[in-house]
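Scroll down for the structure; my scribbles are underneath it.
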Amino acid sequence: MRMDKPEISVIIPVHNSQEHLQECLDSLQQQSFTDFEVLVINNGSTDNSYDIAKQISDQDDRFVVINHNHGRQGEARNVGLNHANGKYISFVDSDDTVLEHYLARLHTAITRHDADVAVCGYCLYYRKSDKVIQTHKVKNSVYNRTDAMKELLRDRKMRFYLWNKLWKSSLFKDHHIDIPDMFYEDAVACSMLFCHVDKVVMTDYCGYSYIRASNKIFTEIEMDKTRINDYINTVPMIRDYLEAKGLYQTVKTPFLRHICHVFLTVPILSAQAGSNLERGLLKNSVAGMGKVLRACKAHPDELNSITREPGVI
């Protein structure tokens, strides 16, 4: 294990990812920027994921494998944050890859502008059809905190992803931010982190490959009550943090975009869950959409209790 402190810590949560993990780790080994560590958090894998990661770590001391046997992706990422030594943090999902200059371009952007976050574009790669579609190329731009938060909540330029970004590690440490251990944790975590940025820089470099089995993204996920409830809970959780930091009224209008998106998506997710839900589509949809509306209209003191309520029956 390397003894010096790297410039960047890359955190990869892994759970039964043997099919794609080698390709993911290879893409990091091939980075033109070399001053980094990779923390592979083996989160209870029962396949050969650990062996794949351990083989690379035995050959390259920049790679470290940490075993962790409970919690979801959010908790695994927090384990990585607790072990990270870098000035900057990058998150990569174990079934994705990054281009050769990914870390270099993000590092150049964040240091040149003395920013708290650097964001790059990404492309979708569909394994089944072997097609790459560049879906999100951003323009070179710099945002202050308010404008960056507004763009994040619109979920168009910034997007609610922890990956495709390079973060100052001080954002997590100085403000005691843990990533929620839930589905759709990225939306909540990104919103919390953006409450503390002074500057966010975007680069038009498209360096992250978000890999999917096919273009039918929704059908790849087995939807259930827990996933739907977590998705709904992003509304009161984000609003609660914005209220606590005194930013809610400033960004209320773009926040309504997130609320509308969640509200309209609940019936779709309920239909996708189908027999995995205890009650019918109509009752679950009404219950979930009702909770979204309550979180929108609730007094700030009520938000925490609303989060704990079920969103579907």
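The values are calculated or read from the model by the stated rules, or taken from the named source; none is laboratory data. Computed from a predicted structure; not experimentally measured. So basically every Cβ, Gly included, is an ideal-geometry build from the backbone, and we count neighbours across all protein chains shown.
The set of residues from segment 196-215 being hydrophobic (A, V, I, L, M, F, W, C) and buried (at least 22 other Cβ atoms within 10 Å of the Cβ) comprises Val200, Val201, Met202. Restricting attention to segment 274-293 and to residues that are touching a residue at least 40 places away in the same chain (Cβ under 8 Å) and buried (at least 19 other Cβ atoms within 10 Å of the Cβ), the residue that is nearest to Val251 (Cα to Cα) turns out to be Val292. For segment 125-141, the criterion of being modelled with pLDDT of 95 or more, at positive phi and assigned to a loop (DSSP other than H, G, I, E, B) is met by no residue. Taken together, Cys296, Cys260 contain a single residue that is loosely packed, with under 14 Cβ neighbours inside 10 Å, part of a helix (DSSP H, G or I) and not assigned by TED's automatic domain parsing to the domain that holds His176, which is Cys260. May I ask you to list the residues in segment 207-225 that are at pLDDT below 95 and either among the hydroxyl-bearing types (Ser, Thr, Tyr) or at positive phi (or both)? If the condition is that a residue be at pLDDT below 95 and either among the hydroxyl-bearing types (Ser, Thr, Tyr) or at positive phi (or both), then Ser209, Tyr210, Ser214, Thr219 are the ones that fit. The set of residues in segment 35-81 that are part of a helix (DSSP H, G or I) and within 10 Å of Val14 (Cα to Cα) comprises Ser49, Tyr50, Ala53, Gln73, Ala76, Arg77. Number of residues in segment 6-26 that are within 19 Å of Arg77 (Cβ to Cβ) and either touching a residue at least 60 places away in the same chain (Cβ under 8 Å) or assigned to a helix (DSSP H, G or I) (or both) equals 14. Only a single item in (1) polar (S, T, N, Q); (2) surrounded by fewer than 24 Cβ atoms within 10 Å (Cβ to Cβ); (3) not in a loop (DSSP other than H, G, I, E, B) is not met by Asn85, and it is number (3). If I filter segment 230-238 for residues that are surrounded by fewer than 19 Cβ atoms within 10 Å (Cβ to Cβ) and either assigned by TED's automatic domain parsing to the domain that holds Val292 or touching a residue at least 40 places away in the same chain (Cβ under 8 Å) (or both), do I get at least one hit? No, because not a single residue in segment 230-238 is surrounded by fewer than 19 Cβ atoms within 10 Å (Cβ to Cβ) and either assigned by TED's automatic domain parsing to the domain that holds Val292 or touching a residue at least 40 places away in the same chain (Cβ under 8 Å) (or both). The number of residues in segment 166-184 that are free of Cβ contacts under 8 Å to residues at least 24 places away in the same chain and in a loop (DSSP other than H, G, I, E, B) comes to 3. Selection of segment 49-58 for residues being more than 19 Å from Arg72 (Cα to Cα) and of a type in the set (S, T, N, Q) yields Gln55, Ser57. Residues in segment 62-78 that are touching a helix residue (DSSP H, G or I) at 6+ places or on another chain (Cβ under 9 Å) and either more than 23 Å from Glu7 (Cβ to Cβ) or not assigned by TED's automatic domain parsing to the domain that holds Val188 (or both): Asn67, His68, Gly71, Arg72, Gln73, Gly74.
Conditions first: (1) free of Cβ contacts under 8 Å to residues at least 40 places away in the same chain; (2) within 23 Å of the chain's Cα centre (by Cα). His299 passes all but one, so which condition is the exception? It fails just one condition, (2).
Contact map, segment 185-207: residues that are assigned by TED's automatic domain parsing to the domain that holds Ser141 and within 17 Å of Tyr241 (Cα to Cα) paired with residues that are part of a strand (DSSP E or B) and not acidic (Asp, Glu), Cβ distance under 6 Å, separation 6+ or inter-chain. Pairs shown: Val197/Val117.
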